[in-house]
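Visitor: Here's a structure for you.
No value in this document is a laboratory result; all are computed from the given coordinates. The structure displayed is predicted, hence computed values, not measured ones. Because the Cβ atoms are built from the backbone with ideal geometry, glycine has one as well, and the counts that use them run over all protein chains shown.
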Amino acid sequence: MKTRIILVLAALFLTANFSFAQQDEECMLNLTLMSDFVKSKKYDEAYEPWMKVRNKCPKFSYAIYAYGEKILKHKIKNSTGQEKLDFINDLMLVWDKGMEYYPSKYDLGEVLGDKGLLMYDNQKELGLTDKQVYDAFDKAYTTDLKHFTSAKGLYVYFTKIVDLFKANQAPIQDVFNKYDDVSEQLETINKDYTVKLNKIIEKEEASQALTKSDKKYKPFYQKSIEANNKISGSLDTYLGQLANCENLIPLYKKDFPTYKDDAVWLKRAVSRMYNKECTDDPLYVELVKAYDATAPSADTKYFVATILYKQGKNSEGDDYIKQAYELETDVFKKGRLAKKIANGYKKRGSYSAARKYYREALKLNPSDGAPHLQIASMYAKSANSCGTDNFTKRAVFWYAAQEALKAGRVDASMKKSAQQAANSYNANAPSRAEIFEKGMAGKTINIGCWISGSVKVPNL
């Protein structure tokens, strides 16, 4: 837990009551022994001096609670039966006392989330129901959402409401509501990480030296974003067939008269029907119109465009797409919208327009490698149309490979897929024998058509 990491014992002692320390050398001695054992990961040996300093001088140092957490987690992992239950309950108490004595060191949402995970991981031993575990996470969500950022905690929070529905203890609308709640929180967390990561990526792209902090946090942000994206996918998997059109349409038809002026409800209903491809039903059109009338925004214009496209009115749809993009002011959301718009153009075969929006997405979110891979795939698909002979047509694959590799440079999670894509494209490019036969080694080939670029032929 990041708020409870102890860097050096000396730093911790700054928070101690030194006059008290002078009066009670026993507490100082036990604190020092405990610290030395914990830093050596000798948690069993640390337990006795920790208990002594904790019981005699509970306000002596923040280390009592930060290190106590490590000690008790070790004890829980390596015990069974009543002894394990005692350690679990004691860890709960340590968190409570830590917040009481050192409130600035703890965030309520984080602690409540950790308590929920402790309950979930030991649900059987504690004899807890799914409702009790769900309520523990719900308390974190409702009292301090800002600091309820555990990806695992958010995932378990959602799975428990699904389990309650399956046990006939919660209505299906609660499942959908919680899916949206958790998805939005994961997006909020990723937005924060992405903004910070983008600043580092922009430094790298500008050939600026990274600070020690940049080097430390870059992989943390990348891994956190990747983990949250996986959790988002896991939510859909756990939701399964509950969110199919057969369930959604009757539910939204029933609730529409009640919520027809509720922008949040309309947004969620429209988004879910769109994502689950329930857009053929007339209800979808009704929902989109009501959403646009209630709270016109970039979102509503985008969904109106999807209706127009489905009706074959591409020109009108494009107008709404432009409105949607212009209306969006949030940089993170605008980047995601640009990618969605680009995906739509790509699907229609409008590669030039698609590339324009993929590049916009890259400007807004340079740490996302996906647009590079999408652009590369369009280059590869256009190879047969963008050259004057077989050699120059296949040279387009080198250009596609170069674009694909950019994805791995800006997005660590895509290194493998970017390299695989580049290898595939290079395999379709002219061979060394063909380069020699044509005498093209080291020469530059200009690529026409919509690509309008150039690529240097590899040297032999």
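Visitor: For ASN446 and LYS416, what is the calculated FRET efficiency with R₀ set at 30 Å and r taken between the beta-carbons, to the nearest 0.05?
Guide: Numbers: r = 32 Å, r/R0 = 1.06.
The calculated FRET efficiency here is 0.40.
Visitor: Using a Förster distance of 35 Å, how high is the FRET efficiency between LEU126 and LYS363, based on the Cβ-Cβ distance and rounded to 0.05? Can you show the working numbers first?
Guide: Values: r = 50 Å, r/R0 = 1.44.
With a Förster radius of 35 Å, E is 0.10.
Visitor: Please state the charge dipole magnitude for the chain, taken about the Cα centre, from unit charges on C-beta atoms (+1 on K and R, -1 on D and E), reported in debye and rounded to the nearest 20. Kindly include the intermediate steps, with their values, before the conclusion.
Guide: Details: 70 positive and 58 negative charges, 367 e Å.
It works out to roughly 1760 debye.
Visitor: If eta is 1.306 mPa s and T is 10 °C, what Stokes-Einstein diffusion coefficient results for the range 244-327, Kirkwood Rh from Cα pairs, in µm²/s?
Guide: Working: Rh = 12.7 Å.
Value of D from the Cα-based Kirkwood radius: 125 µm²/s.
Visitor: Expressed as a whole number of Å, what is the distance separating the alpha-carbon centroids of the range 110-174 and the range 403-432?
Guide: 41
Visitor: Where does helix 351-364 land angle-wise versus the long Cα axis of the chain, in degrees 0 to 90, nearest 10?
Guide: That works out to roughly 30 degrees.
Visitor: Would you kindly work out the equivalent ellipsoid of the range 363-460 from its C-alpha gyration tensor and give its semi-axes, the square roots of five times the eigenvalues, largest first in whole Å?
Guide: Values: eigenvalues 120, 41, 22 Å².
So the three semi-axes of the range 363-460 are 24, 14, 11 Å.
Visitor: Please give, to one decimal in nm, the separation of the simple spin-label points placed at ASP86 and LYS356, each 7 Å out from Cα toward the Cβ.
Guide: That separation, rounded to one decimal, is 7.2 nm.
Visitor: Specify the angular offset, from 0 to 90 degrees and rounded to the nearest 10, of the alpha carbon long axis of helix 151-166 from the longest principal axis of the alpha carbons in the chain.
Guide: On a 0 to 90 degree scale, this one is about 90.
Visitor: Filter LYS276/LYS381; LYS340/LYS415; LYS276/LYS406; LYS363/LYS415 down to the pairs with a C-alpha to C-alpha distance above 26 Å, please.
Guide: Numbers: LYS276/LYS381 28 Å; LYS340/LYS415 22 Å; LYS276/LYS406 32 Å; LYS363/LYS415 20 Å.
Over 26 Å Cα-Cα: LYS276/LYS381; LYS276/LYS406.
Visitor: Shifting gears a bit: Of all alpha-carbon pairs in the chain, indicate the percentage at a distance above 34 angstrom.
Guide: On the way: 54680 of 105570 pairs.
Percentage above 34 Å: 52.
Visitor: A further question on this structure: What is the local net charge at GLN374, summed over the other residues whose Cβ is closer than 10 Å to its Cβ (Lys, Arg +1; Asp, Glu -1)? Present the calculation step by step, with values, prior to reporting the outcome.
Guide: Working: positive: LYS339, LYS346, ARG355; negative: GLU403.
Local net charge: +2.
Visitor: Using a cut-off of 14 Å between beta-carbons, work out the net charge of the residues near LYS276 (Lys and Arg +1, Asp and Glu -1, LYS276 not included).
Guide: Details: positive: ARG268, ARG272; negative: ASP180, ASP236, GLU246, GLU277, ASP280, ASP281.
Neighbourhood net charge equals -4.
Visitor: Suppose R0 equals 35 Å; then what is the FRET efficiency for ASP192 and CYS245 from their Cβ-Cβ distance, rounded to the nearest 0.05? Don't jump to the answer; show the numbers that get you there.
Guide: Numbers: r = 34 Å, r/R0 = 0.97.
Once the sixth-power term is evaluated, E becomes 0.55.
Visitor: Using the alpha-carbon atoms, what tilt in degrees (0 to 90, nearest 10) does helix 331-348 show relative to the longest principal axis of the chain?
Guide: That helix lies at roughly 40 degrees to the long axis.
Visitor: Roughly how many nanometres apart are two label points built 7 Å out from the Cα toward the Cβ at GLU45 and LEU93?
Guide: For GLU45 paired with LEU93, the spin-label model returns 2.6 nm.
Visitor: Short version: what are the Cα gyration tensor semi-axes of the range 86-152, square root of 5 times each eigenvalue, largest first, in whole Å? Intermediate values should be presented prior to the final figure.
Guide: Details: eigenvalues 76, 50, 14 Å².
Equivalent ellipsoid semi-axes, largest first: 19, 16, 8 Å.
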